[in-house]
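Have a look at the structure below before the remarks.
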């Protein structure tokens with residue numbers, strides 16, 4: 001999963017981008033790398049798997065390593081605290097944030113660098129401290145997308161409510177950006193094509 005560039009977490013929103021988006025190293029299939037000792041340890045250890053019947057994707061089994069924990073839930077959906085990212089089409093930049101607590105709850109999401117490379121949300125001190133964020137801290141950043149029925153070209157992204165996730169702990173939070181220039185309905189396809 002690609003990550004967005006580390007946004008600026010200072011009290012002001014700089015407009016320059018100093019480095020390419022941070023991306024984790026490519027993953028290697030765990031099955032291909034198991035030694036006999038690893039296999040033995042796996043047979044004795046219990047693996048946590050979350051199961052949910054998604055109204056959009058059908059039955060899903062998600063290992064704990066792919067589970068995103070949002071202790072405060074999402075704005076308006078505070079009861080949903082465990083999610084996973086579903087990518088139905090690798091060619092499409094739109095992914096889905098599927099709740100593991102309620103199969104009927106799934107949100108289209110997008111990484112902001114795909115259409116807005118200079119996206120730099122300014123966070124409150126409380127949000128930055130709770131997330132443990134610094135300017136050098138790599139984070140996954142997603143924006144919730146609204147896709148009007150029958151008019152996908154009019155889709156918008158919520159720039160004011162980014163979802164920020166620590167890629168190592170898989171714990172995140174939806175925050176309110178303090179940037180006055182951002183809106184909750186930013187047109188994604190207004191000026192340019194979404195990056196592949």
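Taking 8 Å as the Cα distance limit and 6 or more residues as the minimum spacing, I'd like the relative contact order of segment 45-187 as a percentage. Mind showing how you got there, number by number?
On the way: 273 pairs, mean separation 28.6, N = 143.
Normalised by residue count, the contact order of segment 45-187 is 20 percent.
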In segment 45-187 the DSSP beta bridges are antiparallel at a rate, in percent to nearest 5, of 95
At q = 0.09, 0.10, 0.20 Å⁻¹, the log10 of I(q)/I(0) for segment 45-187 from a Debye sum over equal Cα scatterers comes to -0.28, -0.34, -1.36
Rounded to the nearest Å, the spacing of the alpha-carbon centers of segment 54-74 and segment 84-99 is 12
The extension gain from residue 53 to residue 153, computed as 0.36 nm times the residue separation minus the Cα-Cα distance, is 33.1 nm
extent check for segment 109-172: Cα max minus min per principal axis, descending, whole Å, gives 40, 22, 19
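Laboratory data are not the source of any read-out in this text; all were calculated from the coordinates shown. Note that this is a predicted model, so its numbers are computed, not measured.
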